[in-house]
Amino acid sequence: MEQLAALLLTTAGACLFAILTLFLWREYRIERFRQRIFQIRDELFDFAAEGNLSFDNPAYGALRASMNSMIRFAHRMSLSYAVGITAARHFCPSPGLDRFTRERLRPLMELPEGPAREKLVTLHARVLIEVFKFVSFSPLLLPVLPFALLAFIAGTASSLYRRLTKERDEIAVTIELQALECDQEPGDSFGRLQVV
């Protein structure tokens, strides 16, 4: 009887966790993402309202349209969607889509150097960071995070080991070369040996 009660409690807890993670948490994340994009869009509006940029400027319109589409379609963005789009663009390149992306951002890149361009590029970068965070930190990735962390630590340790080994070998070669130079010269050469 106790085993049945424990099983029921475990099942109920797992179901509640699944509902919270897959439904309520996702809705919260969508609303939080939209709110952050709204804030960035408000900064863009305030920047233009202060007279730093015309509301009719194509760069203002392009960046605002990009943010509006992200706000509107936030519910469609997910890690699987991003992976699918990336794979589709890799395996089935679409010159039309690439041209559309370039044309949409062209007004931003054609702004002359100065505070307006710097501000708009910064705002665009912040939007892309928010999109990356929204798509990357999915509840479905929680089981993968410990393995990703271990892979990162292993990669960093491996890189550090290779670097230290290379430096050790370079120091050994330098010492050997200096020793050979000392052997070739007559007289007491122990005082001339230097470690670099």
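The values are calculated or read from the model by the stated rules, or taken from the named source; none is laboratory data. It should be emphasised that the depicted structure is a prediction, and the values quoted were computed from it without experimental measurement. Reconstructed Cβ throughout: ideal geometry from the backbone, glycine too, with neighbour counts over all protein chains shown.
Brief remarks on what is shown
- Any hit, the stretch 93-107, residues being at pLDDT below 80, loosely packed, with under 14 Cβ neighbours inside 10 Å and not in a helix (DSSP H, G or I): yes
- ARG29 vs. criteria basic (Lys, Arg) and modelled with pLDDT under 80: no
- Criterion: touching a residue at least 24 places away in the same chain (Cβ under 8 Å), part of a loop (DSSP other than H, G, I, E, B) and aliphatic (A, V, I, L, M) - qualifying residue of LEU44, LEU63, LEU53: LEU53
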